[in-house]
1. Students often forget the sequence filter, so: which lysines lie under 25 Å Cα-Cα from residue 134 once same-chain residues fewer than 8 apart are removed?
2. Using a basic spin-label model with each label point 7 Å from the Cα along Cα→Cβ, how many nm lie between residue 144 and residue 68?
3. Charges on Cβ only, +1 for Lys and Arg, -1 for Asp and Glu, centred on the Cα centroid of the chain; of 191, 310, 89, which one is farthest towards the dipole's positive end?
4. How are the C-alpha pair distances of region 238-335 spread across 10 Å bins, as whole percents from the shortest bin up?
5. For the chain, modelled as a Gaussian network with Cα springs under 10 Å, which listed residue fluctuates most, 250, 373, 191?
6. Averaging over all projection directions, find the projected area of the Cα convex hull of region 143-223 and quote it in nm² with one decimal place.
7. What full-extension length gain, to one decimal in nm, is calculated for residue 371 and residue 263 as 0.36 nm per residue of separation minus the Cα-Cα distance?
8. Just check region 183-268 against the gyration tensor rule for me: Cα atoms, a ≥ b ≥ c as the square roots of the eigenvalues, rounded for a/c under 1.5, and otherwise prolate or oblate depending on whether a/b exceeds b/c.
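The values are calculated or read from the model by the stated rules, or taken from the named source; none is laboratory data. None of these values were measured; they are calculated from a predicted model. Note that we place each Cβ from the backbone using ideal geometry, even for glycine, and neighbour counts take in every protein chain shown. Areas reflect the complete protein model, heavy atoms only, side chains present, ligands, DNA and RNA absent. Shrake-Rupley method; radii C 1.70, N 1.55, O 1.52, S 1.80 Å.
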Amino acid sequence: MTGFRTLSSGLRALRPAAFGADPAGARLRRIRNSPNFADGVFQNPETARTRPDGSMVEFAKVYFRSEERAHRSPAGIVPVHATTLADLAGPAATGLRLTWMGHSSVLAEIDGHRVLFDPVWGERCSPFAFAGPKRLHPVPLPLAALGPVDVVVISHDHYDHLDMPTIKALGGTDTVFAVPLGVGAHLEHWGVPAERIHELDWNESAKVGGITLTATPARHFCGRGLRNTQHTLWASWVAEGDRHRIYHSGDTGYFQGFKEIGATHGPFDATMIQIGAYSDFWPDIHMTPQEGMRSHLDLQGGQPSGVMLPIHWGTFNLSTHAWADPGEGTLAAGLAAGVRVALPRPGEPFEPTGGSVPSEPWWRGVARAPKGGWPAFEETVTDTPGDVADGSTEDTGEPETVPAG
């Protein structure tokens, strides 16, 4: 038995720090008492297949098919907006400003407070510096140049959402963290003090400064190490200020719970919705652009209100679809639904409740065009909207469709 303990301790010592830590003690007891934990694992709100459908051989055939591989990366240099402190120094004129930093990382400035969702500044989303999916574009600005952040919000513990070097850097500031139940074990393992971590189960809320953060359900899974114990929760998030409300989906498959989230917390001035890294091999845990648009409408009570910002695309090659497909699909879905879709370049700040949002398909300039060329598109222009959340101004303009570009 002594030899077994010695071997076990030695294996733990060899475990990469990026794997994080398993929940234990009071944290583990809280997990086991969660209404969302049963049969030894966290449960999804609807049944979800968390392992790829079909054989790995079939997946490999698709993934390594040469004619498709070329389309999974940009053909040119991604036009990253040169974000500077000057871009972010002044307050948002409308009280709400979003800056998509790439993938699912978004800086949200809401009613005088700064919320940073799923910050990943690392070169690879991997536990190793020498292997794993590598960035397709640089970060828009150094993390140290971002300025003070009031709260960092994490959706779940996969490497493309929870990046150890980024967390360690932010842990050295005064920011606090809001994370799903169990994820706090990773943060404490990396040196974040427990008193700066708000660890929430679904439908629990925490007030951080002037922002109320609520962990809401998502349809996904978790895991960082060689064992996937399902002892850390995954979540979407609602952030509510004095005047504005926003929603970040994290990673999720489509499910009926979006309607309940919208009825309870919406409508939202802006939603940040995962629309990339989808595949027929894992249809339950990531959304297509069409499903992402459907979720936005559900969150808005069935109305094409608010602005949708597509996330979880453009930065890492994580699936078999073409690099430009999530952008193209969201553009088409937004036009069909009459929803205002924000299409900023990485690092380009915009105000969702302002008169206009970035809407050009910028990726077409650096992507490999599909056979037959790019489809024609029309831009939906809407009169300046009011604040969806507080209802202080009503948007009475009917969408007008005009040729774009």
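1. 61, 168
2. Placing both labels 7 Å along Cα→Cβ, they lie 4.3 nm apart.
3. Most positive-ward Cα: 191.
4. For region 238-335, the pair-distance distribution reads 17, 51, 27, 5, 0.
5. Among 250, 373, 191, the largest mean-square fluctuation in the Gaussian network model of the chain belongs to 373.
6. Details: hull surface 21.4 nm².
Over all viewing directions, region 143-223 projects a mean Cα-hull area of 5.4 nm².
7. 34.7 nm
8. Here region 183-268 falls in the oblate category.
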